[in-house]
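Trainee: There's a structure below that I have some questions on.
The values are calculated or read from the model by the stated rules, or taken from the named source; none is laboratory data. All values reported here derive from a predicted model rather than from experimental measurement. Every residue, glycine among them, receives a Cβ derived from its backbone with ideal geometry; neighbour counts consider all protein chains shown. Note: areas computed on protein heavy atoms with side chains; ligands, DNA, RNA excluded. Shrake-Rupley method; radii C 1.70, N 1.55, O 1.52, S 1.80 Å.
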Amino acid sequence: MTEKSVVAEWRHWLRGDVVVGAALAMIAAQLVWKFDLVRRTYFRQDDFTFIARGLDNDLTWDYLMRVDYGHLMPGPFAIQWAMGRLGVYNDVLAHVIVIGLQGAAGLALLRFLRLLFGSRPAILVPLGFYLITPMTISALSWWAVAIEMLPFQIALPMALSSHVLFVRTGRYRHAVAAAAWAVFAMTFYVKAPFILVLAFVLTAWLGFRRQQWRAWLLYAGVLAAYSAIFFRQLFTSVQLTNDTVRPTLPDAALAARFAWNLLSGSLVPTSLGGPWRWQPIGDDYAIAAPLGALVWVGVAVAAVVVLVSAFYRRRAWLAWLTLLAYVALADVVPVMIGRIQQMGPDLGGFELRYVAPSACVLAIVIGLAFIPLAGEERPWRRRPPTLAKVAAAALACAFVAGSVWSVAAYARRPLGEPAKSYIETARLALKRAPGDAVILDRHVPAKVVYPIFFYDYALASRVLGPIAPQGTAWARRLNGPVRNVLAFDDNGRLRPVNIEGLTIPRPTACRKVGAGEVRLRLPLSLPKGEWTVQVGYLNPAPARLAVRLGSAEVHVEAGKDFGWTFATVVGEATELGIRALGGSSACVGEIKVGVPMPAKNGTPVPLQPVDP
């Protein structure tokens, strides 16, 4: 070996070490940067439902393989099952898992880029794009979304790396590894089957060979098995609405508007450092809200980037076509079939979690569109001039500045503080509640769990039950002489319950009630609904009362001496009827008819909400 060749080899390895070192430093820096945001997040919406469902079930096939509104995700369900047994709402553990997975995703992408393009400084560009793009920020702030997305973003480059090794070496074990990584991703994310489709497209760059047929047969078998399991579970899994999924196609105009919004309002702006502005969804989340003018500027810039890359780089068009097909099939179609009619094209089209997993795919596409493969012959149609390189550097600087701005704007939101304050306040309230207290099981505030979406999983007993002391008494409806009834207010504090609605004042002396019904005119007519009647009494002996609203009647017990009893009646009425049963008699005083709510003037426990 000559002196010149030795020097060249050392330069090659030194450059490779510098590139890898720089890449590792970039990955570490973005973890520190993103952890500052992630540490302020908390569980939200679906998270509480999934953890409660995990506590309700054993780790069985039926539990793991339930398709939740189009998502087959046994991996996240297993994690939620474990989370419920490791502190229930252990946000510190959740933060560690999210940051750990984010770091692993960055390392997996680095491995793939280095394997495909070699250890050249250019690979830091697509890696940097993935690490800094705001496309993934809102997904990282939502626990349930993060544990679906991040394992997929780990498995995708790892599977493609194994496939590249298979194509280059012909060793079948690499194809098996690629299939295994794809199966791993399939346990977490419904878009995972497209990994093997991307492997096929990648082969167009690397070259098809006859001996590859065994890999394609393996990949096809994996896709067939997954499809059989997925569609069987899709059409048999019972949803929260107690029915099964019936996929339908939306109106063509609705579908087109959603696809355009997702492309122009979510994917393109975040690819260029946007969206620069956010639309709050509650206190702890936000969707993209780029200005209309910036949307069109972004589309124009993206078009120029695509055209310039295709002008200079051979087969760059294939990279961009792959991205467009992936976004259409993996990002647009599933949402279009499953959720767009409920969400609408505007809310759905600017929801970044639908495109967040595509950040990894887009980083790879950027690499393919601008960087020659390792050992690729004649990668350029023509060499890019210096002006093109200067423009690319300027665009990269604008992307970095926009990304930092956009992430900072998102991070200025309260994020998980309101939900965490509610949960921790309720935890303290439950510890301090009297031993004989009965807690009214009403829905928690929408800032914690939306009742309109999650039904009974939004009840306090489902959200707060897992952190309540053993033996805590819950009452969904009030019936009978229930004492010391408490309810959670919107801050998570326990207050005495008051029946808000109509009041029938007591007379000078209590009303005698016997076998004959006493009819009392209501101050206002009640529409059809569920109403709680609170009857005050002063009885010489225990009695049993029949309480009627309209045509609906409920029988309840009433105790001796002074007290009150409750009756929950479903109906509509202009009068209330009350009588004693079984030969007993009663003497009733003030009667309230309405809805049980935490008393606004009642002393709360604790006095102040917990500061998260």
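Trainee: State all residues of region 452-481 that are open to solvent by less than 30 Å² (accessible area, probe 1.4 Å), in a loop (DSSP other than H, G, I, E, B) and over 17 Å from Phe43 (Cα atoms); if no residue qualifies, say none.
Mentor: Across region 452-481, the qualifying residues are Ala468, Leu478.
Trainee: Moving on. Do we find a residue being at pLDDT below 90 and farther than 25 Å from Pro496 by Cα anywhere in region 557-569?
Mentor: For region 557-569, residues at pLDDT below 90 and farther than 25 Å from Pro496 by Cα: absent.
Trainee: Something else now. In this structure, does Lys431 turn out to be over 26 Å from Trp278 (Cβ atoms), of a type in the set (D, E, K, R) and either part of a loop (DSSP other than H, G, I, E, B) or open to solvent by 40 Å² or more (accessible area, probe 1.4 Å) (or both)?
Mentor: Values: over 26 Å from Trp278 (Cβ atoms): yes; of a type in the set (D, E, K, R): yes; either part of a loop (DSSP other than H, G, I, E, B) or open to solvent by 40 Å² or more (accessible area, probe 1.4 Å) (or both): yes.
For Lys431, the condition - over 26 Å from Trp278 (Cβ atoms), of a type in the set (D, E, K, R) and either part of a loop (DSSP other than H, G, I, E, B) or open to solvent by 40 Å² or more (accessible area, probe 1.4 Å) (or both) - is met.
Trainee: Now for a separate question. Could you please let me know if Leu101 is farther than 23 Å from Cys360 by Cβ and either open to solvent by 20 Å² or more (accessible area, probe 1.4 Å) or in a helix (DSSP H, G or I) (or both)? Please lay out each step first, then the result.
Mentor: Details: farther than 23 Å from Cys360 by Cβ: no; either open to solvent by 20 Å² or more (accessible area, probe 1.4 Å) or in a helix (DSSP H, G or I) (or both): yes.
Here the answer is no, as Leu101 does not meet what is asked.
Trainee: Tell me the helices (runs of 4 or more DSSP H) entirely within region 164-278 that contain at least 3 residues that are more than 24 Å from His71 (Cα to Cα).
Mentor: Values: elements: 172-186, 194-206, 213-236, 252-261, 268-271.
In region 164-278, the matching helices (runs of 4 or more DSSP H) lie at 172-186, 194-206, 213-236, 268-271.
Trainee: Among the numbered conditions (1) open to solvent by less than 30 Å² (accessible area, probe 1.4 Å); (2) touching a Gly at 6+ places or on another chain (Cβ under 6 Å), tell me where Gly501 comes up short.
Mentor: Only one criterion is unmet by Gly501, namely (1).
Trainee: While we're looking at this one, here's another question. Any idea how many residues of region 42-62 are open to solvent by 50 Å² or more (accessible area, probe 1.4 Å) and either more than 23 Å from Asp456 (Cα to Cα) or touching a Pro at 6+ places or on another chain (Cβ under 9 Å) (or both)?
Mentor: Number satisfying all stated conditions: 2.
Yes/no per residue for (1) free of Cβ contacts under 8 Å to residues at least 60 places away in the same chain; (2) open to solvent by 20 Å² or more (accessible area, probe 1.4 Å); (3) assigned to a helix (DSSP H, G or I); (4) more than 26 Å from Leu368 (Cα to Cα):
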{"position": "Arg40", "(1), (2), (3), (4)": "no, yes, no, yes"}
{"position": "Val92", "(1), (2), (3), (4)": "yes, yes, yes, yes"}
{"position": "Leu110", "(1), (2), (3), (4)": "no, no, yes, no"}
{"position": "Pro126", "(1), (2), (3), (4)": "no, no, yes, no"}
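Trainee: Can you tell which of Ala204, Ala220, Ala224 is among the hydrophobic types (A, V, I, L, M, F, W, C), farther than 25 Å from Trp320 by Cα and surrounded by fewer than 23 Cβ atoms within 10 Å (Cβ to Cβ)?
Mentor: Ala224
Trainee: Of all residues in region 437-451, which are assigned to a loop (DSSP other than H, G, I, E, B) and among the aliphatic types (A, V, I, L, M)? Before the answer, list the steps.
Mentor: Looking only at region 437-451, we keep the residues that are assigned to a loop (DSSP other than H, G, I, E, B), and these are 437, 441-442, 444-450.
The answer is Ala437, Val444, Ala446, Val448, Val449.
Trainee: Residue under question is Thr169, and the condition is that it be within 28 Å of Trp317 (Cα to Cα) and open to solvent by 10 Å² or more (accessible area, probe 1.4 Å); does it hold? Write out each step before concluding.
Mentor: Details: within 28 Å of Trp317 (Cα to Cα): yes; open to solvent by 10 Å² or more (accessible area, probe 1.4 Å): yes.
The answer is yes for Thr169.
Trainee: A further question on this structure: Within the group Leu464, Leu520, which residue is of a type outside the set (Ser, Thr, Tyr), farther than 21 Å from Glu417 by Cα and in contact (Cβ under 8 Å) with a residue 12 or more places away in the chain? If you could, list the steps in order and put the result at the bottom.
Mentor: On the way: Leu464 fails: farther than 21 Å from Glu417 by Cα.
Going through Leu464, Leu520 in turn, just one is of a type outside the set (Ser, Thr, Tyr), farther than 21 Å from Glu417 by Cα and in contact (Cβ under 8 Å) with a residue 12 or more places away in the chain: Leu520.
Trainee: Looking at Phe488 and the list (1) open to solvent by 30 Å² or more (accessible area, probe 1.4 Å); (2) of a type in the set (Phe, Trp, Tyr); (3) at pLDDT 90 or above; (4) farther than 23 Å from Glu557 by Cα, which single condition is not satisfied?
Mentor: Single failed check for Phe488: (1).
Trainee: Right, next: So, of the residues in region 80-89 that are outside any helix (DSSP H, G or I) and open to solvent by less than 50 Å² (accessible area, probe 1.4 Å), which turns out to be modelled with the lowest pLDDT?
Mentor: Gly87
Trainee: Mind checking which helices (runs of 4 or more DSSP H) fall wholly inside region 302-407 and carry at least 1 residues that are open to solvent by 10 Å² or more (accessible area, probe 1.4 Å) and at pLDDT 90 or above? Reasoning before the result, please.
Mentor: On the way: elements: 316-326, 333-338, 340-343, 345-349, 358-370.
Result: 316-326, 358-370.
Trainee: Here is a follow-up. Residues being surrounded by 20 or more Cβ atoms within 10 Å (Cβ to Cβ) and either more than 27 Å from Ala146 (Cα to Cα) or modelled with pLDDT under 90 (or both): count how many of those fall in region 266-284.
Mentor: At the first step, the residues of region 266-284 found to be surrounded by 20 or more Cβ atoms within 10 Å (Cβ to Cβ) are 266-276, 278, 284.
Then keep just the ones that are either more than 27 Å from Ala146 (Cα to Cα) or modelled with pLDDT under 90 (or both); that gives 274, 284.
Final tally of qualifying residues: 2.
Trainee: Can you work out which of the residues in region 492-507 that are part of a loop (DSSP other than H, G, I, E, B) and at pLDDT 90 or above is farthest from Gly602 (Cα to Cα)? Before the answer, list the steps.
Mentor: In the first step, residues of region 492-507 are kept if they are part of a loop (DSSP other than H, G, I, E, B); the result is 492-493, 505-507.
If we keep only those that are at pLDDT 90 or above as well, we get 492-493.
Working: Gly492: 14, Arg493: 11 Å.
Per the stated criteria, the residue is Gly492.
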